[in-house]
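Right, one structure below, let's go through it.
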């Protein structure tokens, strides 16, 4: 089923949910400033369901918006909040639930089988044209522009997270849009960027990360958007912590980003939101994927981005690898 048909189904479903009182609100996407921009919206009136859109530009992972609107957060009775979820949203919701920040009955999930979302930045860089719409068909994306139709391959214009997506369909949906039950992966995470970085010498890697972190504004956008960064009090903002200063000199930037990366190690769902929202385009997923791949290899976790009840780094197992101790023994 096409996204347009699923959009019509979504609008009808949300109208019924709000009119019947099954949900107290719904988080989805609405039209942004342009046709090629879809932004998160929160609606409580059934009449506003017409504002919802479902198109190839709904790539943002919106699960964390639910966290700020739980019944406890807004002082309401426990009625679920509806949310439109693709695969990455489903993983993010699962992360929040495994961390006990959400209860399963806090949300009513309307899911769909996502076959990839368009990266507006890539399209603007590639086409340089005003895009008025897009349509996915197989391995191609057809764009309507001010100068006529243009077709690109998915590899050229999808979000990086979509090109690595192995979980396009959210689990535990109350409603599943569409009739396409093909749950095969959209892409494959090959950790090629990590391998390329590891091929550099230590000095070259240090220079690479120095160039990245020197640009950091410490705006906390990466922390705010991350479903794994869900602590009620963030240690990176705690004024009592003396090992992380508030200025943006290079040593503090290294401390900030490595602390955050290790905090989400084993808990990152691979949604790529931290990198997408970074205003200075720091490749933060390289850090996350490095730790993700190491957890896969060291602990034998074939899908380290999928939340579990207990993560490999969240428990002690005497059989866990201890490479540093083995090296000491060999010495």
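The values are calculated or read from the model by the stated rules, or taken from the named source; none is laboratory data. Predicted model, so just to flag it, every value in this text is computed and none were measured. Cβ coordinates were reconstructed from backbone atoms using ideal geometry, including for glycine residues, and neighbour counts include every protein chain displayed.
Annotations
- Subset of segment 208-218 (residues that are within 27 Å of residue 101 (Cβ to Cβ) and surrounded by fewer than 13 Cβ atoms within 10 Å (Cβ to Cβ)): 217
- Residues of segment 31-66 that are in a strand (DSSP E or B) and under 30 Å from residue 231 (Cα atoms): 38, 39, 40, 41, 42, 43.
Residues are listed down the side, and each one gets a yes or a no for (1) part of a loop (DSSP other than H, G, I, E, B); (2) over 18 Å from residue 53 (Cα atoms); (3) modelled with pLDDT under 90; (4) under 21 Å from the mean Cα position of the chain (by Cα):
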site: 116; (1), (2), (3), (4): yes, no, no, yes
site: 121; (1), (2), (3), (4): no, yes, yes, yes
site: 126; (1), (2), (3), (4): no, yes, yes, no
site: 143; (1), (2), (3), (4): no, no, no, no
site: 165; (1), (2), (3), (4): yes, yes, no, yes
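- Output for segment 217-238, where each listed residue is in contact with a helix residue (DSSP H, G or I) (Cβ under 6 Å, 6 or more places away or on another chain) and not in a loop (DSSP other than H, G, I, E, B): 221, 222, 225
- The set of residues in segment 42-53 that are free of Cβ contacts under 8 Å to residues at least 40 places away in the same chain and surrounded by 19 or more Cβ atoms within 10 Å (Cβ to Cβ) comprises 43, 49.
- Scanning segment 173-192 for residues that are surrounded by fewer than 15 Cβ atoms within 10 Å (Cβ to Cβ) and either more than 25 Å from residue 296 (Cα to Cα) or touching a helix residue (DSSP H, G or I) at 6+ places or on another chain (Cβ under 6 Å) (or both) yields a total of 4.
- Selection status of residue 303, surrounded by fewer than 19 Cβ atoms within 10 Å (Cβ to Cβ) and either in a helix (DSSP H, G or I) or not assigned by TED's automatic domain parsing to the domain that holds residue 209 (or both): no
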